[in-house]
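Just below is one structure, and these are the notes that go with it.
The values are calculated or read from the model by the stated rules, or taken from the named source; none is laboratory data. Quick caveat, the model's predicted, so the values are computed rather than measured. Neighbour counts run over all protein chains shown; Cβ positions are idealised from the backbone, glycine included. For the accessible areas, the whole protein counts, side chains as well, though only heavy atoms, and no ligand, DNA or RNA atoms are used. Shrake-Rupley method; radii C 1.70, N 1.55, O 1.52, S 1.80 Å.
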Amino acid sequence: DSITRQAKVLAISAQSAPSTEDAAFSVSQVLSAIERGEIIPFFQPKFCLRDNRIVGAEALARWQHPTNGFIPPDSFIGLLEQSGNIDQLTLSILEQSCQIAAGWYQQGYNICLAVNLSTVSLQNKALSERICSIVEASGLPNSAVTLEVTESAAIANLGYALENLTRLRMRGFGISIDDFGTGFASMEQLRRIALTELKIDRSFVSTMLEEKESFAIVQSSIEIANRLNLTTVAEGVETEEQRAMLSAATCHHAQGYLFSKPLPADEFEKLLQNIEPS
Ligand code: C2E
Ligand code: CA
Ligand code: CA
Ligand code: CA
């Protein structure tokens with residue numbers, strides 16, 4: 001049936017994931033870094049293309065290594081996923097970023113926090129309860145948190161994943177499909193998952209001015225999203241030409257180096273204070 005077929009597609013995409021042997025760190029090194037609080041969220045703003053206001057902040061994990069400087073998430077996320085430890089990172093980043101964003105929320109900034117959720121975590125049946133209690137403890141309303149579901153590993157049990165996502169949506173969280181167009185989302189899944197947002201992958205945004213195929217994908221993604229009443233976000237916007245093209249194609253929000261790179265919490269707060277009236 002279609003679920004088995006989708007699980008197979010996802011299993012194939014997982015084979016290209018970086019193998020544990022190539023990793024520069026061991027799982028226990030990464031886990032103790034999480035415990036020591038060395039892995040922290042940076043925040044990248046999402047901007048509204050209509051009025052240039054900041055509408056959201058995506059939390060992106062950074063390992064502040066005592067000797068090696070900042071280590072990007074791609075060097076440790078695959079390792080945690082393959083060893084069954086990705087939940088520790090997800091929940092730690094969720095907790096830290098909710099506490100920080102709750103402060104902004106209390107200052108009157110009406111922005112939505114986005115946190116990345118590995119599809120591996122969706123296999124954990126208790127996940128939605130743990131997410132709810134962390135967000136509740138922070139004081140942020142669930143409706144101010146969007147969970148971005150990334151394609152990064154095989155879904156062993158698609159039923160659990162759909163159940164978790166449906167439960168989270170029913171509790172008021174936003175659900176975003178990340179890297180849209182790169183494989184995870186079939187039209188079938190778009191229909192079945194209670195989504196609120198669709199993020200167009202950077203690979204299409206970065207080539208859409210030169211390749212008409214890329215632009216066609218960007219434009220049709222926006223059209224599908226509009227019909228399904230989903231918010232559209234373009235990621236990896238680096239040039240003014242891309243911004244103008246996305247704006248003309250009626251994309252709602254955009255993220256990328258043109259606007260801002262991911263920032264430490266205090267710098268993100270300065271950005272909010274500089275361009276947003278509180
Ligand atoms: P993603 O969710 O697709 O995040 C976007 C990535 O693109 C980020 O890389 C961001 O820094 C980068 N980026 C943003 N704007 C631009 C741009 O204009 N140009 C270019 N070239 N890049 C841009 P980052 O922070 O290295 O994160 C990589 C991936 O790691 C993320 O991709 C996400 O899938 C994953 N990730 C990050 N933090 C977490 C986390 O806390 N939990 C989980 N499960 N995954 C995470
Ligand atoms: Ca993301
Ligand atoms: Ca993405
Ligand atoms: Ca991406």
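Structural remarks
- Calculated FRET value between GLU241 and ASN142, using beta carbons and R₀ = 45 Å, to 0.05: 0.75
- Efficiency of FRET from Cβ geometry, ALA126 and GLU267, R₀ 25 Å, rounded to 0.05: 0.10
- Measuring spread by the Cα atoms of segment 199-278 yields a radius of gyration and Dmax of 14.0, 42 Å.
- Overall size of the chain from C-alpha positions, given as principal axis extents largest first: 49, 47, 37 Å.
- GNM result for the chain, Cα springs below 10 Å: residue of PRO72, PRO41, PRO262 fluctuating most strongly: PRO72
- Per residue accessible area in Å² of the chain, where ligands, DNA and RNA are left out and the probe is 1.4 Å: 47 Å²
- Across the chain, the mean sequence separation of Cα contacts (distance under 8 Å, 6 or more residues apart), normalised by length, yields a relative contact order of 20 percent.
- Between the beta carbons of GLU38 and SER83, assuming R0 = 22 Å, the FRET efficiency works out to 0.75 to the nearest 0.05.
- Share of carbon and sulfur in the accessible area of segment 23-77 stands at 50%, probe radius 1.4 Å.
- Centroid-to-centroid separation of segment 206-278 and segment 49-108 [C-alpha atoms, Å]: 20 Å
- Counted residue by residue at 0.36 nm each, then reduced by the alpha carbon distance between them, the extension gain from LEU209 to ARG50 reaches 55.2 nm.
- GluC sites (Glu not before Pro) restricted to segment 212-257 and DSSP loop, no more than 15 other C-beta within 10 Å: GLU238
- Span-like helix ranges in the chain, DSSP H, alpha carbon extent 15 angstrom or more, Kyte mean at least 0.0: 2-15, 86-106, 127-138, 158-170
- Links that overshoot a 23 Å alpha carbon limit, given the list LYS46/LYS270; LYS125/LYS261; LYS199/LYS261: LYS125/LYS261
- Protection-proxy order for peptides 33-40, 97-104, each taking the mean of Cβ atoms within 10 Å per residue, highest first: 97-104, 33-40
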